[in-house]
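Just so it is clear, none of the values below were taken in a lab; they were calculated from the coordinates. Quick caveat, the model's predicted, so the values are computed rather than measured. Backbone-built Cβ (ideal geometry, glycine too); neighbour counts: all protein chains shown.
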Amino acid sequence: CHIQIPEARCRDALLTADNQLLVTASESSLACWSVASGSLVAQDTREQGRNFLRLVPDKQQVLTGNASTVEIRQLPGLELVRSFELRRDVDSGTNMFGDAIVRTQDHSLVTGSWNGTITVWDLETSRARVTLSAHATGVHSLVLSPDQQTLFSAGHDGNVKVWEGGER
């Protein structure tokens with residue numbers, strides 16, 4: 001099977017746990033492909049591209065993020081389930097999402113931003129529960145331990161920080 005993304009560079013891709021669907025994020029679209037046939041199942045085009053993709057554990061959903069928005073999309077049709085908007089940084093006037101993951105144990109979304117903060121969001125209300133000053137510069141990557149008790153954040157400041165349990 002060969003899948004050709006017609007319009008632009010692919011920024012990220014992921015395979016669903018059942019190996020049936022491939023989701024791709026490019027500069028101008030989010031697409032869901034059948035692995036078996038290579039055919040396009042669904043596509044969402046936007047002027048602003050996506051920077052990352054993550055699977056939502058235990059659900060047929062995907063997280064997708066761009067500069068100012070993280071969305072949860074239902075697979076395979078890519079229907080919008082929920083959206084999270086990033087506030088502009090007061091000092092610089094800008095801010096961007098760097099990464100995001102879902103914690104299923106407490107129904108939360110954890111995002112890392114280019115201003116160095118980590119925010120824990122309520123998945124049901126899209127409201128921020130807590131924001132942590134994590135890194136001197138942007139949060140580039142978030143990793144959650146298998147038991148979901150420990151969060152690791154990697155920053156542009158060259159540090160990896162470990163956050164144990166609770167809201168962190």
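Based on other C-beta atoms within 10 Å, arrange 32, 10 from fewest to most. Don't skip to the answer; put the middle values down first.
Working: 32 20, 10 13.
The most exposed by this proxy come first: 10, 32.
For the residues 156, 135, what sequence is obtained by ranking on other C-beta atoms within 10 Å, fewest first?
Working: 156 14, 135 25.
Least to most surrounded, the residues fall as 156, 135.
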Can you work out D for the range 86-164 in µm² s⁻¹ from Stokes-Einstein, where Rh is the Kirkwood radius over C-alpha pairs, the temperature is 10 °C and the viscosity is 1.306 mPa s? 127
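Over its Cα atoms, what ratio of radius of gyration to 2.2 N^0.38 Å does the chain give? Before the final figure, lay out the partial values.
Numbers: Rg = 15.9 Å, N = 168, 2.2 N^0.38 = 15.4 Å.
Normalised Cα radius of gyration, the chain: 1.03.
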